[in-house]
Amino acid sequence: MKRIFSILLMLTMLCQIACFSSCQKEKGCNVKNPKKDLPWLKEFIDGIENDAQAGFSRHVKIYQCTYRDGIGFLVYPCVGCPDAGYTFVNCDGVALCGGGGISGKDTCSELNIKKKKLIYNHKK
């Protein structure tokens with residue numbers, strides 16, 4: 001009986017640790033420098049820098065934000081372009097919503113995006 005209790009106690013502790021870890025992962029990107037540590041974001045920024053070196057440049061802004069499910073990024077691929085809008089992307093690089101552009105429609109309002117912090121600004 002004592003052995004069974006010990007095993008149950010250990011399993012309970014492991015489940016709590018696993019739950020805490022997975023909850024923490026969902027709440028943030030768990031990286032110190034998203035521009036370098038998130039592969040999709042690094043690739044996007046490298047592409048912008050390479051385009052600029054090749055003579056094609058545009059004004060790009062990326063904000064790190066908090067939203068309903070954790071951390072995400074507002075990506076403005078062409079600031080000041082009349083038909084360009086923005087995309088909101090989670091830590092895994094999955095586009096969750098967007099807005100602006102020709103239609104002006106905003107599909108991000110239900111995410112409750114807050115605390116915008118500019119992390120990248122590439123001007124023409």
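The values are calculated or read from the model by the stated rules, or taken from the named source; none is laboratory data. These numbers come from a predicted model, not from an experiment. Cβ coordinates were reconstructed from backbone atoms using ideal geometry, including for glycine residues, and neighbour counts include every protein chain displayed.
Within the stretch 39-64, the set of residues being buried (at least 16 other Cβ atoms within 10 Å of the Cβ) and in contact with a helix residue (DSSP H, G or I) (Cβ under 9 Å, 6 or more places away or on another chain) comprises L41, I45, R58, V60, I62, Q64. The criterion of being in contact (Cβ under 8 Å) with a residue 24 or more places away in the chain and not basic (K, R) holds for Y67.
Filtering the stretch 77-121 to residues that are in contact with a Lys or Arg (Cβ under 8 Å, 6 or more places away or on another chain), of a type outside the set (S, T, N, Q), touching a residue at least 24 places away in the same chain (Cβ under 8 Å) and surrounded by 12 or more Cβ atoms within 10 Å (Cβ to Cβ) leaves L111, I119, Y120.
In the stretch 66-94, what residues are among the aliphatic types (A, V, I, L, M) and over 21 Å from K36 (Cβ atoms)? I'd like the intermediate steps shown before the answer.
Initial filter on the stretch 66-94 (among the aliphatic types (A, V, I, L, M)): 71, 74-75, 79, 84, 89, 94.
V79, A84 - these are the residues of the stretch 66-94 that are among the aliphatic types (A, V, I, L, M) and over 21 Å from K36 (Cβ atoms).
The set of residues in the stretch 60-84 being farther than 21 Å from K123 by Cα and of a type in the set (G, A, S) consists of G70, G72. None of T87, T12 is at negative phi and at pLDDT 85 or above except T87.
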